[in-house]
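Please read the structure below before turning to the comments.
The values are calculated or read from the model by the stated rules, or taken from the named source; none is laboratory data. A quick note: this is a predicted structure, and the numbers were derived from the prediction, not measured. In this analysis, Cβ positions are derived from the backbone assuming ideal geometry, glycine residues included, and neighbour counts consider all displayed protein chains. In case anyone asks, the SASA skips ligands and DNA or RNA and just uses the protein heavy atoms, side chains included. Shrake-Rupley method; radii C 1.70, N 1.55, O 1.52, S 1.80 Å.
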Amino acid sequence: AHPRSSLHPSCQRESLLQLNQKLDECRVSHIYFLEIMRVLCLVVAAAVGVVDVSGFANLGVPTLSARRSVLSMAAESTDTTRNIKVGVIGCGRIGIVHLGAITKAPNVTPVIVSNPTISKAEKAAADFGVPRFTADAMDVITDPEVDAVWICSPSQFHADQIKACAANGKHIFCEKPIATDLAETVEAINACNAAGVKLMIGLQRRFDQNFLRVKDAILTKEVGTPIMIKLCSRDPSPPPFEYVKGGGGIFNDMAVHDLDMTRFLAGSDPIDILSIGSCHIDKSIEVLPGSEKYDTACCIVRYPNGVQAMVDVCRQSSYGYDQRAEVLGTEGMIATDNVYPNTAKIFKNQFTGNADMPYDFFLSRYNEAYVTETVAFCQSLVNDTPVPCTGEDGLVALIMSIAADKSAAENRWVKFSEIVADVYCSSPTECALLSQSEVFPENFKPSEDASSLLIPDVDTQKSEPNSLEKFKDAFKDFVGA
């Protein structure tokens, strides 16, 4: 039996009323707490895209559009977002890097891959879930389902494949170079611009986070006005003789990336160049013609406003892959270091420094940059925005490497306008080099500006409606029509 309460009956009633009141308050608080938790759960679910909260307006809670994690590299999708279907030509090392990036890009789907060794195409298709594979690049180019093509084949096939893609209305991403010949480069770019398709050139260093940080410092005047730009590029070990032979020389197959980077950082077109070359590492290549016999070279490039750029390249670096940039400005200097596999350091009485060597292979060093440039082109296709690295950028890079080669051969400063003036086009897609012709075209007026050789690209035509007509008028004057 429960003991009898010693409280007076009136006090007992008062205590019971207070207890009931507190219980009512607890029940209200509990209900309010549950409602708040329900709202919070729905808001969180909306943020990660699990539920639709369009009916949330009456609750007075801000609605969040469904979105995926940024780690998936997926953009917010809408009903109007276009899904781009692409094909990849070439399933070698570079092709696989780009294919892997394509599979991670938002609203882009690879549907077919090709490789002359079909087993490589078959393996790539299986590894990345691509439904079709083929040995013939034209199967990719003519596929009616394909909107854009990634050209990752050997350099000698680039120009013809670009032209074929343009003829079939396909947008194009092409690894550098566009072509191994200057006149054919102009033809390929103009084929794309005349067809109204996008062309992006793979100059991956423009997308490397280290170089982008330097570029940002220039744009924001963090180091003041640029005075001097320095770049070095040194490979861990020299390539085999067979690679160097017929490769176009050290300026075309190696220094071209650094020359392009000087233009990217300077933010303007160069004026002239002085280059020298020599052989120190592999004496067997000294029998090769032109700059193919060099394994070491230096260039000085002059830009407007007195800005100077210096490039040194070497085919061997005993301490690993050496890729650095430096910009001296009026208010400071910014420089990049090499990229290491990790940040570990060793401290000993005879050595203090990084535990491991820098990355010793360009695919390791620039893997993230290759992925970033691929995603950038995918975004340009999905959103129909200008490509970040144009055909003209590829053309100027080639002109710079040709001028460097000419300078080293003739031991003099070479103006870039000299290289441009050698190109004669009877039509925008039919060009030749005057230096290889026995007849000087009647009424021909050489151009000094690379852009004047090119039909405005599709993005320029959209933003500047009169640009195409201006080009037509200028081209008539160019050919003397």
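When the stretch 105-170 is described by a simple charge dipole with +1 on each Lys and Arg Cβ and -1 on each Asp and Glu Cβ, the residue from V111, V140, Q156 located farthest towards its positive end is Q156.
Loop only per DSSP, at most 13 neighbouring Cβ atoms within 10 Å: give me the chymotrypsin sites (Phe, Trp or Tyr not before Pro) in the stretch 124-161, ordered by residue number.
none
Placing unit charges on the Cβ atoms of the charged side chains and taking the dipole of the stretch 193-311 about its Cα centre, the candidate lying farthest along the positive direction among P226, Y303, V244 is P226. The chymotrypsin sites (Phe, Trp or Tyr not before Pro) of the stretch 343-403 that meet both conditions, a loop assignment by DSSP and at most 16 other Cβ atoms within 10 Å of the site Cβ, are F351, F361. Within the straight-line cut-off of under 17 Å between alpha carbons, the lysines reachable from K170 are K85, K198, sequence neighbours fewer than 8 places apart in one chain being disregarded.
The residues packed around I112, meaning those with a beta-carbon under 13 Å from its beta-carbon, carry a net charge of -3 if Lys and Arg are +1 and Asp and Glu are -1.
Apolar share of the accessible surface for the stretch 417-481: 49 percent from carbon plus sulfur atoms, 1.4 Å probe.
With charges set only on the Cβ (+1 for Lys and Arg, -1 for Asp and Glu), what does the dipole of the stretch 347-481 come to about its Cα centre, in debye to the nearest 20? Don't skip to the answer; put the middle values down first.
On the way: 10 positive and 22 negative charges, 68 e Å.
So the magnitude is around 320 debye.
Nearest 20 debye, what's the magnitude of the dipole of the stretch 153-296 about its Cα centre given +1 on Lys and Arg Cβ and -1 on Asp and Glu Cβ? Display every interim value, and only then the final one.
Numbers: 15 positive and 19 negative charges, 100 e Å.
Dipole size: approximately 480 debye.
Taking a threshold of 24 Å on the Cα-Cα distance, which of the pairs K415/K470; K230/K345; K283/K406; K104/K215 fall above it? Pairs exceeding 24 Å: K415/K470; K230/K345; K104/K215. Whole number in Å², please: accessible area per residue of the stretch 184-300, 1.4 Å probe, ligands, DNA and RNA not counted. Accessible area per residue: 37 Å². The string of couplings for the stretch 364-369 from the Karplus curve (6.51, -1.76, 1.60, θ = phi - 60°) is 6, 5, 10, 4, 5, 5 Hz, one whole number per residue in order, with x for Gly and Pro.
With a 1.4 Å probe and all protein chains left in place, how much accessible area per residue does the stretch 349-396 have, in Å²?
45
Packing-based ranking of 386-394, 449-457 yields 386-394, 449-457, ordered from highest to lowest mean Cβ neighbour count within 10 Å.
When all alpha-carbon pairs of the stretch 112-166 are counted, what percent fall beyond 18 Å?
Numbers: 416 of 1485 pairs.
Beyond 18 Å sits 28 percent of the P(r) for the stretch 112-166.
The string of couplings for the stretch 120-126 from the Karplus curve (6.51, -1.76, 1.60, θ = phi - 60°) is 5, 5, 5, 5, 4, 4, 5 Hz, one whole number per residue in order, with x for Gly and Pro. Within the stretch 289-383, the GluC sites (Glu not before Pro) that combine a DSSP coil assignment with at most 16 other C-beta atoms in a 10 angstrom radius are E331. Report the far tail of the P(r) of the stretch 302-451, meaning the percent of Cα-Cα pairs longer than 20 Å. Tail of the P(r) past 20 Å holds 71 percent of the pairs. Solvent-accessible area of the stretch 92-247 (1.4 angstrom probe, protein heavy atoms only): carbon and sulfur portion equals 54 percent.
Could you pull out every residue, at least 5 positions away or on a different chain, whose amide H is within less than 5 Å of the one on V108? Hs are placed 1.01 Å off N in the peptide plane, and Pro or chain starts have none. It is I84, by chain and number.
Computed from backbone phi, the HN-Hα couplings of the stretch 170-180 come to 9, 5, 9, 10, 10, 4, 5, x, 5, 7, 8 Hz, rounded to whole numbers (Karplus: 6.51 cos²θ - 1.76 cosθ + 1.60, θ = phi - 60°; Gly and Pro given as x).
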